[in-house]
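Take a look at the structure set out below.
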Amino acid sequence: MVLTAAAGAKRENMTDHFDFPDIQERLQKLEEAFADHNSYQFRKTVAELRRAIKMRANAEALSRAELLDARKENERNRKQSLDLQTKLKTVVDRFEGSFTAFEKFRKAIRVVELMRGHEDLPAILDRIQDLFGLRTVSLILDAAEFASFDPPGARLADLDAMRKALSELMPGVATPGSFMCPIRDVPDPEFFFGRGFCAERKVLLLGSCFISPLRDKFGPQRLIGILSFFDSNPDRYTREKGSEFASHFADILGYTIVDITDRKKAERLREDVERMTRHDLKSPLTAVLTLPQLLRRDGNLTERQTDMLSLMQHAGYRMLNMINQSLDLYRMERGVYELTPQKVDLLPILDNIAGELHSVIEEHGLTLDILVRGEARAAGDTFVVRGEEMLLYTMLSNLVKNALEASPPGERVTVELAEGKTLAMAIKNAGAVPQQIRATFFEKYATAGKKDGTGLGTYGAKLIAETHGGKIAMHTSEAAGTAVTVFFPKPRAAKAQAAPEPRTAVNAGD
């Protein structure tokens, strides 16, 4: 019993402390110490202890394995997190880079849209180079198309040479588009960037380029030039990167150059037509005007024949006047008309116009009144402005005729001449300007409701008024009718016109 109790006490002590590091060694010594005692209880206790030790070892091994797996999982999660952060940073950087590039190209397109002529090309190319931080910007244009315009800032090349250079750069491509690559991959860099470009050897080893053909927007297959960018950074323009922004910009530049060139061609054609009008039409017209005079000298003409000759001569002079006016208006449009101003009294001009339009006034039962400084027109009145009589006559004739034709039958058309800070002439009628042309009333070819209207009358009046240093305005409504007012600057050296004493009114339509 003593042995059993001692063994039990020993077992309790061992089971409480079997996790000692030397538990195996102690257990071995215990077995040796009680080897001579054949006790079932002792052997059972030792076996239980061994099982407990093994289970603890297995548990520790399992715990270590689970901890190792957890560490591996954490490491995988950490790597995935780092990968996601890297990808997110790449996406953000790419977005920011794309947004920055978009803003730059938007500004560059705006610069191109402000282009008004070939002479603007050098400044535009410099602005593009500065905006994108490029080392070189090169523009090549078709010599056959652009040589006569001599565009500054651009090099001229034969169309075949441009096609050959592009085909060597992009072999096998029927219609080459934009291309990005290291500069060393370009077969002939000096063709695209100019003679002397390869003088520095390192240029051939470093740097990248963007090359894009320029095409006619009305004929996309027609090549008109080549736009090229070069940057010292070899990674800026690579085949793997997208070139949508740069290609779109190249298209805009090409379209703008084509538009400007077409406009220049149209201007030259118009100048040629004007020269033809001046010489080829005036010469035979001179004979038409001379013939009635010669026939009158011969006599033996009936009254009807004399009247017909007068009509012929009048029509000839009218045509000559229209030719001269057309040339004058063209020069005004271009801003090259040289005004030769003189003192011109508008009242005699209005009298002549009233006489010419007498049939229109009678046909519609209208009345044409002239007011001078707020009073009815009286004999001896004057209203002097500085200008050219022929131009003023043309302007007033068109405006008065328009007012008469637009006025309802039986109404009154009034011409009011007033003097204040400026000299003003207002032509008023009871009709309203059609809604659809109110916003474009003074624009070229704006017309409505007239069978034979050209839309040039008010446009010409605006040009003439502005050429005289004045301005023109229109106010219209269904209730008040229409008033077209021309403002003239006061003559600087002219003395103030004295207000006339009241006189008997004269109706210009009578």
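Of everything in region 298-318, what is loosely packed, with under 11 Cβ neighbours inside 10 Å and closer than 17 Å to THR286 by Cβ? Give them in sequence order. Result: ARG318, single match.
For ILE353, state whether it is touching a residue at least 12 places away in the same chain (Cβ under 8 Å) and within 30 Å of GLY410 (Cβ to Cβ). Yes, satisfied.
LEU88 meets the conditions (1) touching a residue at least 60 places away in the same chain (Cβ under 8 Å); (2) farther than 18 Å from SER212 by Cβ; (3) assigned to a helix (DSSP H, G or I) in every case but one. The failed one is (1). Within region 256-274, residues that are assigned by TED's automatic domain parsing to the domain that holds GLY225 and assigned to a helix (DSSP H, G or I) reach partners that are surrounded by 13 or more Cβ atoms within 10 Å (Cβ to Cβ) and basic (Lys, Arg) with beta carbons closer than 8 Å, at six or more positions or on different chains, in the pairs VAL258/LYS217. Checking the conditions here, which among ASP307, ASP328 is over 30 Å from ILE226 (Cα atoms), over 41 Å from the mean Cα position of the chain (by Cα), of a type in the set (D, E, K, R) and at pLDDT 80 or above? Only one candidate qualifies: ASP307. If you go through region 292-331 and keep only what is hydroxyl-bearing (Ser, Thr, Tyr) and either touching a residue at least 60 places away in the same chain (Cβ under 8 Å) or farther than 19 Å from SER397 by Cβ (or both), you end up with THR302, THR306, SER310, TYR330. Selection of region 130-177 for residues being within 30 Å of ARG268 (Cβ to Cβ), out of contact with any strand residue (DSSP E or B) (no Cβ under 8 Å at 6 or more places or on another chain) and not charged (D, E, K, R) yields ALA144, SER148, PHE149, PRO152, ALA161.
Cβ-Cβ contacts under 6 Å between residues 6 or more apart (or on different chains), taken from a first residue in region 229-252 that is touching a residue at least 12 places away in the same chain (Cβ under 8 Å) to a second residue that is in a loop (DSSP other than H, G, I, E, B) and of a type in the set (A, V, I, L, M), are listed as PHE229/LEU134; ASP231/LEU134; PRO234/LEU206. Suppose the filter is outside the structural domain of GLU389 (by TED's automatic domain parsing), modelled with pLDDT under 90 and surrounded by 13 or more Cβ atoms within 10 Å (Cβ to Cβ); does GLY455 pass it? No: the conditions fail for GLY455. Just one of the listed residues (GLY242, GLY207) is at positive phi and either out of contact with any Gly (no Cβ under 8 Å at 6 or more places or on another chain) or surrounded by fewer than 17 Cβ atoms within 10 Å (Cβ to Cβ) (or both), and it is GLY207.
Can you say whether PRO176 is part of a loop (DSSP other than H, G, I, E, B) and either crowded, with 18+ Cβ neighbours inside 10 Å or outside the structural domain of SER212 (by TED's automatic domain parsing) (or both), as far as the supplied structure shows?
Criteria met by PRO176.
Taking the condition at pLDDT below 90 and under 25 Å from LEU269 (Cβ atoms), does ARG116 pass? So ARG116 passes the test.
The values are calculated or read from the model by the stated rules, or taken from the named source; none is laboratory data. None of the values given here were measured: they were computed from a predicted structure. Note that each Cβ is placed from the backbone with ideal geometry, even for glycine, and that neighbours are counted across all protein chains shown.
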